[in-house]
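Data first, discussion second: the structure below is written as structure tokens.
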Amino acid sequence: MLDQGAPPPPPSPTASSSPGVAARLMRRKPVERLVAEGGQGEGGALRRTLGLWQLTMISIGATLGTGIFVVLGEAVPKAGPAVTLSFVIAGFTALFSALSYAELAGSIPVAGSSYSYAYATMGELVAWICGWCLVLEYGVSVAAVAVGWGEYLNEMLDGTIGVTIPAALSAPPGDGGVFNLPALIVVLLAMAFLLGGARESARANTVMVVVKIAALVLFCAIGLTGFRSGNYENFMPLGMAGVSAAGATLFFSYIGFDAASTAGEEAKNAQRDLPRAIMLSLVIVTALYVLVAAVAIGAKPWQRFDGTEAALAQIMNEVTGQTFWGTLLAFCAVVAIASVVLTVLYGQTRVLFAMSRDGLVPKVFSRVHPKTGAPRANTLIVSLFCGVLAAAIPLGQLADATSIGTLFAFALVNVAVVVLRRTRPEMPRTFRVPLSPVLPALGFAFCVWMMGSLSTVTWVVFGVWMAIGLVFYFVYGYRRSRLAPSEVK
């Protein structure tokens, strides 16, 4: 018989005493645990081989080229000469988010990027949503960029040997083709580099980045000879609405500056070098974008931009009256856009690596090859998926779908940096966002504003994507999460 004055016995550890559904959805992964698990995968570990130079080149490689070489031709008809202002607006939007990324990358140097930051600050469900957005951002942008690569490949082939790939094999359904073979090929080439490991991929990317910067400098030098100030007389013919719409589309051009943050577990000195790489790459890319766009509009009236992905090569041909320079630029663009595919595909595999290690996606994505230190199975699966997507979906739809996923993830990063400041003010930070929480709040507001500028169709696609992700989470990730209580695994 129990003593009436004694306290009641503790409840037995049954399911009834386990955390409720809401508590499980909000469970956070401690920063210390995130960092301690860094690099560890199934059967092996990632290798720390990347310095500041390689990290900066990864971010530039993932960013520079997409908007200028591919999306510029689609954005000019929306904004006219004010497309230069659209680039600046998109760049400012990226800057505020880049500041937040820089602080979090230095504080939580892991492979999951904004997914891991959300896991540490806002809980598992928000982290899953962020990670699912990153799958859309990185995976689909690989496909979108690969589509543009095929356009420049045809320009190069036409200028050198007078042959082009038939439309049936160089454009996706809906754009006059049946299957975009070049897009599939460039994804498979990037896959081959990634299977060799991070160091080998970084070396190949550095060479390609140097080529693309040289190509853009060459374009500016030649384009200035055909510059006509009269092309800027009606600067904003479609109003601020057009500038905003073009800015939302061009934000696609800045996707990738955060790619260095996905290399957190392969950087030699991640806490020092990641913030520097992120900020340095964004400054270089923004300056080049605005300069090239300004020269392009000056050399060709905005009304004559017809949506082609190979706009810069055409301008070179028109200004010089020769096909050589356009062909040379097309060759450089083929190399440049290949580097975007390589580095963005790298980022996608590392995000899935982190999500797999947490149990939210299958273990195969965190399996590391002991010889190369690369997640080979992950790379194969992601590359094949992106390659098929590139071969079957038109570019315009892909670019906008990628933008909305990116903006959503960036918005969450701006929230995460404020939350971590309040919950862990004592944590060491190698970089701090100035004027916090004002600048993160501005970053969040800009992201929401630009999301509102996207089309209804894009929002519908995003909503369907989120619904699919939530179904997958509750069917698979919720019960298999490594933070889940044992009785629900």
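A short reminder: the numbers here are calculations on the coordinates, not readings from a lab. It should be emphasised that the depicted structure is a prediction, and the values quoted were computed from it without experimental measurement. Note: ideal-geometry Cβ built from the backbone for every residue, glycine included; neighbour counts use all protein chains shown.
How tilted is helix 438-452 with respect to the longest principal axis of the chain? Cα atoms for both, answer in degrees (0 to 90, nearest 10).
Computed tilt is about 60 degrees.
Between (1) 42, 23, 20; (2) 37, 24, 20; (3) 33, 29, 21, which entry matches semi-axes √(5λ) of the Cα gyration tensor in Å as derived from the coordinates of this structure?
Comparing each candidate, only (1) matches the computed number.
Could you order the peptides 425-433, 356-364, 102-110 from most to least packed, using the average number of other C-beta atoms within 10 Å per residue?
So the order, starting with the most tightly packed, is 102-110, 356-364, 425-433.
Given axes a ≥ b ≥ c from the Cα gyration tensor, I'd like to know whether the range 141-275 is rounded (a/c under 1.5), prolate (a/b larger than b/c) or oblate.
oblate
Quick one: if the Förster radius is 25 Å, what FRET efficiency do Arg432 and Met26 give, using the C-beta to C-beta distance and rounding to 0.05?
0.40
Starting from the Cα of Ala287, step 7 Å toward the Cβ, then list every residue of the range 70-107 with an amide N under 17 Å from that point.
Only 88, 91-92, 95 pass the distance filter.
Tell me what the chain gives for mean residue ellipticity at 222 nm when only DSSP H runs of n ≥ 4 count, each as -39,500 (n - 2.57), the sum divided by the residue total, rounded to 500 deg cm²/dmol.
The helix contribution divided over the chain gives -20500 deg cm²/dmol.
Rounded if a/c is under 1.5, else prolate if a/b beats b/c, else oblate: with a ≥ b ≥ c from the C-alpha gyration tensor eigenvalues square-rooted, which is the range 401-488?
Since a/c reaches 1.5 but b/c is at least a/b, the shape of the range 401-488 is classed as oblate.
Between the helical axis of 141-160 and the dominant principal axis of the chain, each derived from Cα atoms, what acute angle in degrees is found, rounded to the nearest 10?
Here the helix axis deviates by roughly 20 degrees.
Under 1.5 on a/c is rounded, so check that first for the range 316-461, then, if it is not, pick prolate when a/b is larger than b/c and oblate when it is not; a ≥ b ≥ c are the square roots of the alpha carbon gyration tensor eigenvalues.
Oblate is the answer for the range 316-461, as a/c is 1.5 or above yet b/c matches or exceeds a/b.
Between the alpha-carbon centers of the range 158-203 and the range 68-146, tell me the distance in whole angstrom.
24 Å
Filter the GluC sites (Glu not before Pro) in the range 224-331 down to the DSSP loop ones having no more than 10 other Cβ atoms within 10 Å, then list what survives.
Glu233
Round to the nearest 0.05 the FRET efficiency obtained for Thr423 and Thr160 when R0 = 41 Å and r is the Cβ-Cβ distance.
Efficiency for this residue pair is about 0.10.
In nanometres, what is the gap between the two model label sites at Ala445 and Ala221, each 7 Å from Cα along Cα-to-Cβ?
4.4 nm
Nearest 10 degrees is fine. How inclined is helix 239-250 to the longest principal axis of the chain, computing both from alpha carbons?
In the chain, helix 239-250 runs at an angle near 70 degrees to the longest axis.
Taking the Cβ of Asn269 as the centre, find all other residues whose Cβ is under 12 Å away and add up their charges (Lys, Arg: +1; Asp, Glu: -1).
+2
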